[in-house]
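Undergrad: Pasting a structure here, questions to come.
What follows is calculated from the coordinates using simple rules that are stated; it is not laboratory data. The shown structure was predicted, so the numbers you read here are calculated from the model rather than taken from an experiment. All Cβ positions, glycine included, derive from the backbone under ideal geometry; neighbour counts span all protein chains shown.
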Amino acid sequence: MATPESEPVRTNFIEDIINDDLRTGKWDGRVITRFPPEPNGYLHIGHAKSICLNFGLALQYQDRATEARCHLRFDDTNPTKEEQEYIDSIKEDVRWLGFDWGRHEYYASDYFEQLYEWAVQLIRDGLAYVCDLDAEGIRQHRGTLTSPGRNSPHRDRGIEENLALFERMKAGEFPDGSRTLRAKIDMASPNLNLRDPVMYRILHATHPRTGDAWCIYPMYDFTHGQSDSIERITHSICTLEFENHRPLYDWFCEALKIYHPQQIEFARLNLTYTVMSKRRLLELVRGGYVGGWNDPRLPTIGGMRRRGYTPEAIRHFCRRIGVNKFDSTIDVALLEYCVREDLNRRAPRVMAVLRPLKVVITNYPEGQVEHLEAVNNPEDPAMGTRQVPFTRELYIEQDDFREEPPPKFHRLSPGREVRLRYAYFITCQEVVKDAAGQVVEVRCTYDPATRGGDAPDGRKVKATLHWVAAEHAQDAEVRLYDHLFSKPDPDEMDADKPDANWLANLNPASLEVLSGCKIEPTWREARGPDWPDGIARVQFERHGYFCVDRDSSSAKPVFNRTVTLRDSWAKIEKSQSPGKR
RNA sequence: UGGCCCGUGGUGCAAUUGGUAGCACGCCUGACUCUGGAUCAGGAAGUUCUAGGUUCGAGUCCUAGCGGGCCAGCCA
């Protein structure tokens, strides 16, 4: 049987290019890609798309290529924004996703010396010059989208003067922002990136890796292509916004006469009900709208890991969304489908009552305890069974009882018989209410002949409820997560408040913390095969998939809801509610 | 008003490179079921952005238009 991981997926336009190249021998049969994050933030599902693409390609062409691998390269050219902490978390995330860069861990900063020499080479060739304009001056000379720029007054400086000035920039003789090294291309180019782009800027800042060795730092455009070149990358895959930079990428490689990889752009990932930009993610964290970078509601890799998503599910998702050259927004339901699909096969089943309602089995002997066999995972008999204690007093879900059942509700209600999973049929005989009229207890009788869950006389029940023995129950905290935003597109504003911004669309119910939840005491015995990442995941029957949060203690476990089960009753209920449909 | 890139069911992708569209998610039915889960079967849903053109034949090629994205950081 084909696993989701191995299922064939149609080739995308990037694979078409690679296949062509392999056929024509363009790169001597090599396929070398790279994932080049800037260590200035945490990775999110959008990065996962790129990671899966780049590392996936290397894996995929292992047999067909003479050499196939993917490098991990940190694009660390801006010390004012980058930190070691980000480097560490990025490595952790890529590893967790299941990819291995082997010894191919690189840093653009490792190439600073070479980059400097190349800059000098360009000056010697008359293709670069030191410009004394400040940021404002450069901007004023740049022109606009529709009008050409003007040459810098320093554009025609002599080579020797440029060399001396650049040397002095490097030596730290000038303050930040006072001068730049620029490529001499074309101030009239319709592509603004070609209007004498800055190659080096002065930044007296301590770099996480090179410390204070440099006070001039190369710009992205003067770094990325050359880094690719040094590493002999064949296909340099990046997102669409770099399309306009490709001519510059090519220009530098050609001007320098160095190995010239091919840049290919693809569309970044967008998901419904969430935001993906670093800026917005940062705002959510800084503003306290979420608990931190690994808040389970965030689309960050750390958040998803804590939410209980598996690397397998994320990889499968990334394979299924495809790769293209135009913006699109994927329905988060597909992501959720992928997690369910994976967890359904792997997660042991456990009974957990989230909102307890006490049930007393009036004809069941007081003090008696029976141990009933429960299946750990109906999808995988190899996961075995366990013995769950059953007693006179139990908890069932509040939602599983209705004093006045609506149409199509076939759970417990007065006079009705249902099955307690793996246990007995019970019939509701009496309802106990508090002073406020709230149902606080349901008194039932059980049929001893239905032990195990089947009636010898063949009679059927319409519902099977999960339950937990009251005295034996493990108390737990359960965190119910839902979409972070209440609209598929967080930017869509309600007509009555057109001036609001995306934050107004935060879903007030994105997190609900439940305490006093009752978990079946044998839940730990239900564990299936070990989870490679050490995060325990279970299915709470009829609820969804949950993972054990790091806030857990042995006295009180804490569970995070990864995703709910598909819930057809919820749909019926929703369609019954007035105002709907 | 400039340049570049891009338009296929609600959403995301396919279509053997010119032979009148197929898959998945979602949605709706039904079957089965000790999870209202899973599974299985079926259904609704597309003027392939529009208009011309080439061709026996166009989602694929050409032209124009319309729509969307990106670009005026000493960010990446």
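Undergrad: Please state which one of A:425, A:317, A:409 is surrounded by 15 or more Cβ atoms within 10 Å (Cβ to Cβ), within 30 Å of residue A:531 (Cβ to Cβ) and within 13 Å of RNA strand B (Cβ to nearest atom).
TA: After applying the criteria, what remains is A:317.
Undergrad: Before we move on, is residue A:89 small (Gly, Ala, Ser), within 30 Å of residue A:281 (Cα to Cα) and within 13 Å of RNA strand B (Cβ to nearest atom)?
TA: Considered against the rule, which asks whether it is small (Gly, Ala, Ser), within 30 Å of residue A:281 (Cα to Cα) and within 13 Å of RNA strand B (Cβ to nearest atom), residue A:89 comes out as no.
Undergrad: Of everything in the range A:547-568 that's touching a residue at least 24 places away in the same chain (Cβ under 8 Å) and within 12 Å of RNA strand B (Cβ to nearest atom), which residue is farthest from residue A:346 (Cα to Cα)?
TA: A:566
Undergrad: So for the range A:503-524 (the condition being within 19 Å of residue A:336 (Cβ to Cβ) and charged (D, E, K, R)), does at least one residue qualify?
TA: yes
Undergrad: Same structure, new question: Residues in the range A:449-478 that are within 11 Å of RNA strand B (Cβ to nearest atom), touching a residue at least 12 places away in the same chain (Cβ under 8 Å) and either closer than 17 Å to residue A:373 by Cβ or assigned to a loop (DSSP other than H, G, I, E, B) (or both): how many?
TA: Summing the residues that are within 11 Å of RNA strand B (Cβ to nearest atom), touching a residue at least 12 places away in the same chain (Cβ under 8 Å) and either closer than 17 Å to residue A:373 by Cβ or assigned to a loop (DSSP other than H, G, I, E, B) (or both) in the range A:449-478 gives 11.
Undergrad: Among the candidates A:70, A:52, which residue alone is hydrophobic (A, V, I, L, M, F, W, C), assigned to a strand (DSSP E or B) and under 30 Å from residue A:292 (Cβ atoms)?
TA: A:70
Undergrad: Within the range A:53-89, can you find the residues that are among the β-branched types (Val, Ile, Thr), in contact with a Pro (Cβ under 8 Å, 6 or more places away or on another chain) and surrounded by fewer than 23 Cβ atoms within 10 Å (Cβ to Cβ)?
TA: A:87
Undergrad: If you don't mind, there's one more thing I want to ask. For the range A:479-497, enumerate the residues that are more than 16 Å from RNA strand B (Cβ to nearest atom), touching a helix residue (DSSP H, G or I) at 6+ places or on another chain (Cβ under 7 Å) and either under 18 Å from residue A:514 (Cα atoms) or of a type in the set (D, E, K, R) (or both).
TA: A:481, A:497
Undergrad: Separate question: I'm trying to understand the selection: among the residues of the range A:327-362, which are touching a helix residue (DSSP H, G or I) at 6+ places or on another chain (Cβ under 8 Å) and farther than 30 Å from residue A:525 by Cα?
TA: A:327, A:334
Undergrad: I've got another one for you. Just to verify a result, which residue in the range A:113-150, among those that are among the basic types (Lys, Arg) and more than 14 Å from residue A:180 (Cα to Cα), is nearest to RNA strand B (Cβ to nearest atom)?
TA: A:142
Undergrad: Name the single residue that is nearest to residue A:273 (Cα to Cα) among those in the range A:24-55 being out of contact with any Lys or Arg (no Cβ under 7 Å at 6 or more places or on another chain) and small (Gly, Ala, Ser).
TA: For the range A:24-55, the residue satisfying everything is A:48.
Undergrad: For the condition closer than 26 Å to residue A:394 by Cβ and part of a loop (DSSP other than H, G, I, E, B), what is the one hit in A:555, A:500?
TA: Testing whether each residue is closer than 26 Å to residue A:394 by Cβ and part of a loop (DSSP other than H, G, I, E, B) leaves just A:555.
Undergrad: Then there's this: Considering (1) among the acidic types (Asp, Glu); (2) more than 14 Å from RNA strand B (Cβ to nearest atom); (3) surrounded by 14 or more Cβ atoms within 10 Å (Cβ to Cβ), say which one residue A:370 fails and leave the rest.
TA: Going through the list (1) among the acidic types (Asp, Glu); (2) more than 14 Å from RNA strand B (Cβ to nearest atom); (3) surrounded by 14 or more Cβ atoms within 10 Å (Cβ to Cβ), residue A:370 breaks only (2).
Undergrad: Same structure, new question: Could you list, in sequence order, all residues of the range A:324-367 that are over 30 Å from residue A:561 (Cα atoms) and surrounded by fewer than 17 Cβ atoms within 10 Å (Cβ to Cβ)?
TA: Within the range A:324-367, A:324, A:325, A:326, A:327, A:362, A:363, A:365, A:366, A:367 meet the criteria.
Undergrad: Take residue A:544 and decide whether it is touching a residue at least 12 places away in the same chain (Cβ under 8 Å), at positive phi and surrounded by 13 or more Cβ atoms within 10 Å (Cβ to Cβ).
TA: Yes; evaluated as a whole, the condition is true for this residue.
Undergrad: Further question on the same structure: Hey, can you tell me all the residues within the range A:340-369 that are within 11 Å of residue A:540 (Cβ to Cβ) and hydrophobic (A, V, I, L, M, F, W, C)?
TA: A:347, A:350, A:351, A:352, A:353, A:354
Undergrad: Please enumerate the residues belonging to the range A:532-541 that are buried (at least 16 other Cβ atoms within 10 Å of the Cβ) and farther than 25 Å from residue A:390 by Cβ.
TA: Those that are buried (at least 16 other Cβ atoms within 10 Å of the Cβ) and farther than 25 Å from residue A:390 by Cβ: A:535, A:537.
Undergrad: Between A:168, A:201, A:232, which is within 11 Å of RNA strand B (Cβ to nearest atom) and basic (Lys, Arg)?
TA: Result: A:201 is the single residue among A:168, A:201, A:232 that is within 11 Å of RNA strand B (Cβ to nearest atom) and basic (Lys, Arg).
Undergrad: On the basis of being touching a helix residue (DSSP H, G or I) at 6+ places or on another chain (Cβ under 7 Å) and of a type outside the set (Phe, Trp, Tyr), does residue A:208 make the cut?
TA: yes
Undergrad: Something else: Looking at (1) closer than 20 Å to residue A:74 by Cα; (2) crowded, with 17+ Cβ neighbours inside 10 Å, which one does residue A:212 not meet, given that it meets all the others?
TA: Only one criterion in (1) closer than 20 Å to residue A:74 by Cα; (2) crowded, with 17+ Cβ neighbours inside 10 Å is unmet by residue A:212, namely (2).
Undergrad: OK, next. I'd like to check which helices (runs of 4 or more DSSP H) are fully inside the range A:97-192 and have at least 3 residues that are buried (at least 20 other Cβ atoms within 10 Å of the Cβ).
TA: It comes to A:112-124, A:159-170.
Undergrad: With A:292, A:303 as the choices, which residue is away from RNA strand B (no atom under 13 Å from the Cβ), crowded, with 20+ Cβ neighbours inside 10 Å and within 32 Å of the chain's Cα centre (by Cα)?
TA: A:303
Undergrad: Considering only residues of the range A:20-41 that are part of a loop (DSSP other than H, G, I, E, B) and within 14 Å of RNA strand B (Cβ to nearest atom), which is nearest to residue A:104 (Cα to Cα)?
TA: Applying the filter and picking the extreme gives A:36.
Undergrad: Within the range A:235-245, take every residue that is over 21 Å from residue A:122 (Cβ atoms) and more than 10 Å from RNA strand B (Cβ to nearest atom) and give me the one that is surrounded by the fewest Cβ atoms within 10 Å (Cβ to Cβ).
TA: A:235
Undergrad: Mind listing just one residue for me: the one in the range A:246-288 that is among the acidic types (Asp, Glu) and within 19 Å of residue A:118 (Cβ to Cβ) and, of those, surrounded by the most Cβ atoms within 10 Å (Cβ to Cβ)?
TA: Only one residue tops the list, namely A:250.
Undergrad: Okay, next question. Would you please name the residue that is nearest to residue A:310 (Cα to Cα), looking only at residues in the range A:323-339 that are hydrophobic (A, V, I, L, M, F, W, C) and outside any loop (DSSP other than H, G, I, E, B)?
TA: Looking at residues that are hydrophobic (A, V, I, L, M, F, W, C) and outside any loop (DSSP other than H, G, I, E, B), I get A:339.
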